[in-house]
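Data block below; observations after.
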Amino acid sequence: MKTITKLALLFFITVYPLFASLTARVDTKSVELGDIVTYSLDISGQKIKKPDITRLCNSDVISTSSQTNMQIINGAMSKSYTLSYKFSPEMSCKIEPIELEIDGKVEHSQAIDIEVKAPSQTKDANFMLTLSSNKKELYVGETLELTLAFKQKSGAPALDSKFTPPELKGFWIRGESTPQKTQDDNYTTTTIVYTLLPQRVGELKISRAQMQIASRDNKLDSWGGFMPTIKWKNYFSNELSFNVKPLPEGVTLVGDFKINLLLEKDEVNANEALNAVVEVSGDGNLEDIKSFKPYIDSVGVFEEKAVIEGSKLSQKIAFVAQNDFVVPPFEIKYFDIKTKEIKSISTKEIDIKIINAKPKEELIVKTDEKQIAKSAEVVYSDGYGKTYLLMALFAGVFLGVILMLLKPFLKFKRVKKSSIKEPRTLLAKLLPYKEDEEVKEMIEALEQNIYTDKSVEIDKKALRELLKRLKID
């Protein structure tokens, strides 16, 4: 009896590997976009190396499961496995054969073709996702409203959801509205509106948005009973395509705009900051408007970065001057979509009066040649003329020597007088030399101390040397 048992066991060990097998199958070969496919591997054998499968048909595996079956036939035990993988294919594809080592032998499964059809959304579906836009043809930089709507049927179960927004390649996203919900007899609709601007010429596409919905489901267990589970299903929106045209040459703005200049006053004291705000409002690519900072001779002009809020752009500019000046017009050119014309709009120039202005001094020397000649005759005709002339000459030389000796001390006093104790005055005196790199750095430090909350330490020695080099009193 023992001999028969040993022979049977030897037969099982040596023969069973011959029956090792690997078979692949799917629960369906034709699905709609968004449906879940279950791919299963049926494996027979004693020793197997489970494959590491994370993607099928270029789609991520959503979940995996395994089942082990054991059978004893005529005293011989056999073991089999079923490995299952759930995935949602996005296009028709082929699942390539899987290579697996079973009982020391490499086995291959068969390839399986999957057909993916376009989703068919019926009017009474439980869930629907749609994309729509107010334009299909537009210019580079022209604003576009993209509306995403998700509809859920009243009473439709949804345990959980995951939203994947559409890809907006080639578009700049200006804004996104907060979700708005509306309710009717059959559906609850959630709507989101995106404000977009196309950034390049050609055909631009917006891909499908995706919503994954989890709902309750039942499946048969190993005893033939129903077991509650969770089933995920993908819902896709439609795709959108746009034809983007180039703007006319020399224009970067498109839309419909208005421009305005706000000045707090038109009279200021010398070296006092005059604040202004340039505002551009309207429908268009405000993001492409460049800085309005102008160049005005002998006037310090300081700008802040432009700010866009909704359909309005504003930029703050400050002017500092010692004499009257003119704020020039601020202008923009844009392409009007309605009239298909290039338009130019601008503000008006404004005269600014400086109170206590320091007018530029001009030295005018008037001479009367006849009077000079007459004076010379009087001097030389006098008996004592030559003596007085020599005395005056010696006195002039003496005073010149004294002034030369005192010149360094006087310059030092002048530099000290123009110290940083009066930063606004010093800033005004340095502005005409702002092209100089050293002066530019000093101006930036002074501006931060005057017009911001920052406190920048200024090197007094370097300042004196700079004023001395520029011969600024």
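Anything in the stretch 437-461 that is more than 34 Å from the chain's Cα centre (by Cα) and without any contact (Cβ under 8 Å) to a residue 24 or more places away in the chain? List them, or say none.
Passing the criteria: GLU457, ASP459, LYS461.
Search the stretch 115-133 for residues being modelled with pLDDT of 80 or more and of a type in the set (D, E, K, R), and hand back the single one that is nearest to PRO157 (Cα to Cα).
My answer is LYS117.
Residues of the stretch 303-338 being in contact (Cβ under 8 Å) with a residue 40 or more places away in the chain, under 17 Å from ASP283 (Cα atoms) and among the basic types (Lys, Arg), which ones?
Matches in the stretch 303-338: LYS333, LYS338.
For the stretch 308-354, name all the residues that are surrounded by 14 or more Cβ atoms within 10 Å (Cβ to Cβ), under 28 Å from the mean Cα position of the chain (by Cα) and in a loop (DSSP other than H, G, I, E, B).
Selection gives SER311, PHE330, ILE337.
Which of the residues belonging to the stretch 345-366 are modelled with pLDDT of 95 or more and of a type in the set (S, T, N, Q)?
SER346, THR347
Can you find even one residue in the stretch 46-54 that is surrounded by fewer than 12 Cβ atoms within 10 Å (Cβ to Cβ) and under 43 Å from the mean Cα position of the chain (by Cα)?
yes
Would you confirm whether or not the stretch 243-255 contains a residue that is of a type in the set (D, E, K, R), under 25 Å from the mean Cα position of the chain (by Cα), modelled with pLDDT under 95 and assigned to a loop (DSSP other than H, G, I, E, B)?
No, the stretch 243-255 contains no residue that is of a type in the set (D, E, K, R), under 25 Å from the mean Cα position of the chain (by Cα), modelled with pLDDT under 95 and assigned to a loop (DSSP other than H, G, I, E, B).
Residues that are free of Cβ contacts under 8 Å to residues at least 40 places away in the same chain, closer than 30 Å to ILE308 by Cα and of a type in the set (D, E, K, R), at least 1 per element: which strands (runs of 3 or more DSSP E) completely within the stretch 156-211 meet that?
Strands (runs of 3 or more DSSP E) meeting the threshold: 171-176, 180-183, 202-206.
The values are calculated or read from the model by the stated rules, or taken from the named source; none is laboratory data. Model, not experiment: these values are computed from the prediction. Note that we place each Cβ from the backbone using ideal geometry, even for glycine, and neighbour counts take in every protein chain shown.
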